[in-house]
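Visitor: Handing you this structure, nothing more for now.
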Amino acid sequence: MTYRMKLWVGAGALLSFAGGVALATSPAPRPESLQATELPRHKVPVSKDGNLVVGMCDGETSLEVKGVKEGQSLTREQAARVSAELMETWLKKNPDANWDPAPPPGVAQGQKQAPQQKNPPMGTQKPATGGDIREGGVTAESGGKEVRKEAGVNIQDGHSYGAFTQRDEAVWAASTQQFVDEGHRVFHDAAAVGGTIAVSCDMCHPDASNTHPETYPKYQVQLGRVALLRDMINWCIENPVRGKPLADGDPRLRAMEAYIYAQRKGTKLEYGKK
Amino acid sequence: MGNKFRSIETKHYEERDAFFEGLKRLDRRAFLRVAGMSAGIVAGMGLRSPQSFQLVNVAEAQGTKPRFSFAYISDTHLYEQKLNDRFIRSILKAVDDVNGLDPQPDFVLFGGDLAQLGQAGELKLGAQILKSVKAPVRMMVGEHDWFLDMGELWRDLFGAPNYSFDHKGVHFVVLNSIHEKDFWTERKLTPKERMQIVAGLDNGIQSRFEVGGEQREWMKQDLAKVDKKTPVIVFSHSPLYKYYRPWNFWTDDADEVQALLKPFERVTVIHGHTHQLLSNRINNIQFHGMLSTAWPWPYAPEGLPQLTVQMNRPDPFSQFDGCGDGRMDVLESGLVDKLYNLWERNPITVRASYLASGGKQDAPPRTKLPSY
Ligand SMILES: [Fe+2]
Ligand SMILES: [Fe+2]
């Protein structure tokens with residue numbers, strides 16, 4: 001991952017948190033596209049009295065600060081007043097957006113909270129899994145209604161998983177499947193796993209049967225030590241398959257682990273089982 | 001590879017082998033002394049001896065001397081020697097086994113899957129090795145022999161894949177039960193690709209095994225000439241019943257084939273392909289699987305016949321464990337006691353009386369380490 005991509009992903013994460021917006025995880029744009037298009041600028045109107053005009057991060061709202069000239073800086077109190085006023089305007093424009101109010105300054109977690117609405121009984125509402133993707137892309141109000149429904153429900157929130165869409169989940173499932181499929185390929189291909197005598201894993205383990213990943217870690221009598229699944233994969237690669245053991249980070253080893261575990265979905269974990 | 005890692009089980013058997021080997025060299029007094037000290041080992045030994053395959057004939061001990069015996073070698077899955085010598089060592093071990101039988105078996109059944117990928121080099125190598133079997137060899141075809149050239153070379157080497165013969169009052173029928181409906185033409189697969197797919201047990205692209213209408217008709221004609229009281233033994237590579245479809249432990253037209261055998265009083269089916277200790281009975285038909293010399297298959301996750309006593313899980317650290325060959329003792333009744341000669345383990349006999357009694361009599365030794 002390049003540094004620029006990291007920046008982009010970071011920005012995406014910030015966006016998705018701001019306003020509790022349910023962002024669709026589209027494939028990360030290629031970094032070149034970032035260079036090619038100029039980012040939109042917020043052009044604020046010019047004050048006819050030469051006052052300072054402050055633009056809001058939504059790219060639309062702005063506020064003329066009376067008594068402060070362009071080029072002068074705001075005091076801390078003035079700045080706080082300006083941002084509060086901008087926020088109020090924005091909320092009026094976007095009544096359905098769900099904006100978590102900033103905690104009052106100085107109140108850290110675990111300390112006495114500002115008075116809040118009493119918790120309603122829990123369990124009456126399920127957490128939203130995020131709304132459908134809106135036509136026209138993500139707006140300030142995307143997903144806001146779902147979040148509002150949850151307001152006041154006695155349920156833990158604030159983590160990222162609650163804010164993803166079905167499409168996100170489909171993308172995750174597909175990526176996982178791709179990983180497993182790659183494992184299937186390696187498992188069924190003697191050459192891919194580095195075998196020298198045309199013996200592949202599936203020849204003794206159709207559908208990864210009798211690989212019993214659920215029994216590891218366990219004391220492997222024949223090795224005289226405690227083994228993990230990957231130790232046994234490598235043992236098989238070295239012996240019946242007559243290849244070279246794979247390094248821990250080898251993508252083929254990781255993919256095979258993925259495939260083997262996937263085949264045992266639903267099997268009870270019983271590490272140490274004989 | 002091989003001998004660097006030995007399981008405790010394997011070591012244990014090796015020690016016992018050495019012990020009994022040593023016994024042979026002792027005089028009688030020394031024998032009694034050692035035997036006294038080692039009573040525990042002897043008691044725990046069961047049928048085990050270094051030459052157990054030939055020395056232990058329980059049928060004789062029980063006074064139910066067989067009419068005759070035949071041996072088998074099955075599922076050798078040979079690659080050419082320059083690619084893989086492991087499976088070649090295994091078939092040679094099996095040939096040594098059957099050649100060492102005393103008395104010699106009336107014939108040796110080869111159970112199919114001689115080759116791994118149907119290559120000429122593999123089939124010819126197998127044919128060459130089997131020439132060193134002293135007893136006459138009866139050949140059967142497996143899917144690994146067939147799907148590269150649809151049996152062309154196999155037929156050149158060994159003749160027709162389905163035939164029948166009579167031996168000492170028993171009627172034998174040999175089937176080609178690995179036919180598959182065409183899955184390759186529409187997909188435009190090359191013969192090699194077709195073979196590779198069939199060779200993958202868990203490859204779902206292929207069709208299910210079947211005997212097929214034409215061969216069933218032949219079988220019907222053949223059996224029409226046989227008295228219904230004559231014992232019938234059928235050799236089939238696929239199990240001739242429905243065990244586990246995804247791995248082709250399965251014959252699609254098994255019901256139709258079983259119907260043809262129904263009028264006969266005593267029928268035994270001996271099959272390959274499943275590479276495991278496998279027993280079943282459906283009405284009048286008893287079924288026995290054969291061991292492979294190349295590798296054991298795990299038991300399928302479902303569908304295992306109730307009468308099957310699983311063989312213990314094979315030890316992957318021992319090349320030969322879970323593999324082997326065996327012998328069929330055809331009893332006076334015409335039914336079969338099936339001896340599994342599991343290499344590096346105690347042999348196991350699955351008796352006709354066990355299957356006939358629905359598991360009530362003569363149960364084989366219990367499984368200690370079943371499948372996961
Ligand atoms: Fe086989
Ligand atoms: Fe087979």
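Visitor: How charged is the neighbourhood of residue B:310? Take every other residue with its Cβ under 11 Å from the Cβ of residue B:310, and add Lys/Arg as +1 and Asp/Glu as -1.
Guide: Details: positive: B:313, B:366, B:368; negative: none.
So the surrounding residues net to +3.
Visitor: By accessible area of protein heavy atoms, probe 1.4 Å, what ranking do B:262, A:244 get, highest first? Intermediate values should be presented prior to the final figure.
Guide: Numbers: B:262 130, A:244 160 Å².
Heavy-atom accessible area, descending, gives A:244, B:262.
Visitor: A further question on this structure: Excluding ligands and nucleic acids, what accessible area in Å² is computed for residue A:164 using a 1.4 Å probe, to the nearest 10?
Guide: Surface accessible to solvent at residue A:164 totals approximately 50 Å².
Visitor: Follow-up. Relative contact order (percent) for region B:66-356, with alpha-carbon contacts under 8 angstrom and 6 or more residues of separation?
Guide: On the way: 678 pairs, mean separation 52.0, N = 291.
18 percent.
Visitor: For residue A:218, list long-range residues whose amide hydrogen, built 1.01 Å from N in the peptide plane, is under 5 Å from its own amide hydrogen.
Guide: Residues meeting the criterion, in which the H sits 1.01 Å from N, are A:227, A:272.
Visitor: If you don't mind, there's one more thing I want to ask. Say the dipole of region A:159-274 comes from +1 at the beta carbon of Lys and Arg and -1 at that of Asp and Glu; which of A:197, A:166, A:223 then lies farthest toward its positive end?
Guide: Projecting each Cα onto the dipole axis, the largest value belongs to A:223.
Visitor: Carbon and sulfur together cover what percent of the accessible area of region B:66-356 at a 1.4 Å probe radius? Each step should come with its number before you reach the end.
Guide: Working: 4860 of 9940 Å².
Answer for region B:66-356 is 49 percent, counting heavy atoms of protein chains only.
Visitor: Moving on to the next point. Quick one: grab Rg to one decimal and Dmax as a whole number for region B:66-356, Cα atoms only, in Å.
Guide: Computed over the Cα atoms of region B:66-356, radius of gyration and Dmax are 17.6, 53 Å.
Visitor: Same structure again: Within the set of other residues whose C-beta is less than 14 Å from the C-beta of residue B:282, count the net charge using Lys and Arg as +1 and Asp and Glu as -1. It would help to have the intermediate numbers written out before the result.
Guide: Numbers: positive: B:242, B:262, B:266, B:281; negative: B:255, B:256.
For residues surrounding residue B:282, the net value is +2.
Visitor: Now for a separate question. Largest first, what is the accessible-area ranking of B:211, A:46, A:226 with a 1.4 Å probe?
Guide: Values: B:211 0, A:46 140, A:226 90 Å².
Accessible-area ranking of B:211, A:46, A:226, largest first: A:46, A:226, B:211.
Visitor: Got the relative contact order for region B:286-372 handy, in percent, Cα pairs under 8 Å and 6 or more residues apart? List each step's numbers first, then the result.
Guide: Details: 134 pairs, mean separation 25.6, N = 87.
Computed over region B:286-372, the figure is 29 percent.
Visitor: Calculate the mean, over all residues of peptide B:202-209, of how many other protein chain Cβ atoms lie within 10 angstrom of the residue's Cβ.
Guide: Values: counts 10, 3, 1, 0, 0, 0, 0, 0.
That average works out to 2.
Visitor: Which residues, if any, in region A:214-245 lose at least 30 square angstrom of accessible heavy-atom surface (probe 1.4 Å) when the other protein chains sit next to their chain rather than the chain being alone?
Guide: A:221, A:222, A:235, A:239, A:240, A:242
Visitor: Could you run the numbers on buried accessible area between B and A, total for both chains, 1.4 angstrom probe, in Å² to the nearest 100?
Guide: Working: alone 16810 and 19760 Å², together 34200 Å².
For chain B against chain A, roughly 2400 Å² becomes buried.
Visitor: A further question follows. Compute the signed sum of charges (Lys and Arg +1, Asp and Glu -1) over the other residues within less than 11 Å, Cβ to Cβ, of residue B:264. Walk me through the numbers on the way to the answer.
Guide: Details: positive: B:228, B:229, B:262, B:266; negative: B:227, B:265.
My count for the surroundings of residue B:264 gives +2.
The values are calculated or read from the model by the stated rules, or taken from the named source; none is laboratory data. Since this is a predicted model, take the numbers as computed values, not measurements. When we count neighbours, we look across all protein chains shown, and the Cβ atoms used for this are built from the backbone with ideal geometry, even at glycine. Heads up: the accessible areas ignore ligands, DNA and RNA and are worked out on the full protein's heavy atoms, side chains in. Shrake-Rupley method; radii C 1.70, N 1.55, O 1.52, S 1.80 Å.
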